[in-house]
Amino acid sequence: MIRKAIPSDLDPIHKLTQSCAKAMMAKEIYQWNEHYPTRSRFEKDIELQELYLLEEENLIKGIIVITELMDDEYIPIEWITENKNNIYIHRLAVHPDYWGKGYAQELMSWAEAYAKNNNYISVRLDTFSENKRNQKFYETRGYKKLGNIFFPKQSEHPFYCYELVL
């Protein structure tokens, strides 16, 4: 089941992303760290009702943020579609115990269906340039790589911006 996160979900969500960060670092992917994603970021996501989770048997297996707000870092990117009526995906994560079982695909399929059902014209996101698996994941789903942005508190390496026109 995919549902909106509520405040009581905050601790398991934060633990899930800490587990993801640790597992990525073990694979030498330094995408998440002590600066991102923070507990306060998830509190805000829940407050804005933009954080969704995939839950099975009362276990949170994955999360995704869907927002209409374009981050300032995205302004210089030459997007395929106009900067209106788009959604942005952030903080897609699946607990490492469930990697490779299709949960990220399920969350993305759900987000893309949500976008189509609500008449958005595209889905936009970014992924870490050093995370080749994520790049292949999005490109296989039809996303087009459009440019680079930087989050200096996360890494010296760029993040690639992607867009899927619906």
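Taking the criterion of being more than 13 Å from Phe137 (Cα to Cα) and open to solvent by less than 80 Å² (accessible area, probe 1.4 Å), the residues of region 94-114 that qualify are Val94, His95, Pro96, Tyr98, Trp110, Ala111, Glu112, Ala113, Tyr114.
Could you please find all residues in region 83-110 being assigned to a strand (DSSP E or B) and more than 14 Å from Asn134 (Cα to Cα)? Matches in region 83-110: Asn86, Ile87, Tyr88. Only one of the numbered conditions (1) at pLDDT below 95; (2) open to solvent by 30 Å² or more (accessible area, probe 1.4 Å) is not met by Glu56, and that is (1).
Every residue, every condition in (1) part of a loop (DSSP other than H, G, I, E, B); (2) over 17 Å from Arg41 (Cβ atoms); (3) within 16 Å of the chain's Cα centre (by Cα); (4) among the aliphatic types (A, V, I, L, M), yes or no:
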position	(1), (2), (3), (4)
Ile63	no, no, yes, yes
Leu69	yes, no, yes, yes
Thr81	yes, yes, no, no
Asn134	no, yes, yes, no
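Residues in region 1-26 that are without any contact (Cβ under 8 Å) to a residue 24 or more places away in the chain and either touching a helix residue (DSSP H, G or I) at 6+ places or on another chain (Cβ under 7 Å) or surrounded by 13 or more Cβ atoms within 10 Å (Cβ to Cβ) (or both): 3 in all. A single entry from Asp11, Asp45 fulfils the requirement of being part of a helix (DSSP H, G or I) and under 16 Å from the mean Cα position of the chain (by Cα): Asp45.
Could you please find all residues in region 144-159 being open to solvent by 90 Å² or more (accessible area, probe 1.4 Å) and part of a strand (DSSP E or B)? Before you say what the answer is, go through the steps one by one.
So the first thing to find is which residues in region 144-159 are open to solvent by 90 Å² or more (accessible area, probe 1.4 Å), and the list is 144-145, 150, 152-153, 156.
Of everything in region 144-159, those that are open to solvent by 90 Å² or more (accessible area, probe 1.4 Å) and part of a strand (DSSP E or B) turn out to be Lys144, Lys145.
With respect to the stated conditions, Ala113 fails to be part of a strand (DSSP E or B) and small (Gly, Ala, Ser). For beta carbons closer than 6 Å, sequence separation of 6+ or different chains, a first residue in region 47-61 that is over 15 Å from Pro96 (Cα atoms) and a second that is at pLDDT 95 or above and aromatic (Phe, Trp, Tyr), there are no qualifying pairs. The listed residues are Arg133, Arg124, Arg141, and the only one of them that is more than 20 Å from Tyr30 (Cβ to Cβ), open to solvent by 30 Å² or more (accessible area, probe 1.4 Å) and either of a type in the set (Lys, Arg) or without any contact (Cβ under 8 Å) to a residue 60 or more places away in the chain (or both) turns out to be Arg141.
Filter region 66-76 down to residues that are in contact (Cβ under 8 Å) with a residue 12 or more places away in the chain and open to solvent by 20 Å² or more (accessible area, probe 1.4 Å), then give me how many there are. Before the answer, list the steps.
Of the residues in region 66-76, the ones in contact (Cβ under 8 Å) with a residue 12 or more places away in the chain are 66-71, 73-74, 76.
Now narrow it down to the ones that are open to solvent by 20 Å² or more (accessible area, probe 1.4 Å): 68-71, 73, 76.
So the answer is 6.
Applying the criterion of being at pLDDT 95 or above and acidic (Asp, Glu) to the residues of region 116-166, the residue that is nearest to Gln105 (Cα to Cα) is Glu139.
The values are calculated or read from the model by the stated rules, or taken from the named source; none is laboratory data. Bear in mind the structure is a predicted one, so any value in this text is a computation, not a measurement. Cβ atoms come from the backbone with ideal geometry, glycine included; neighbour counts cover every protein chain shown. The accessibility values were calculated without ligands, DNA or RNA, using every heavy atom of the protein model including side chains. Shrake-Rupley method; radii C 1.70, N 1.55, O 1.52, S 1.80 Å.
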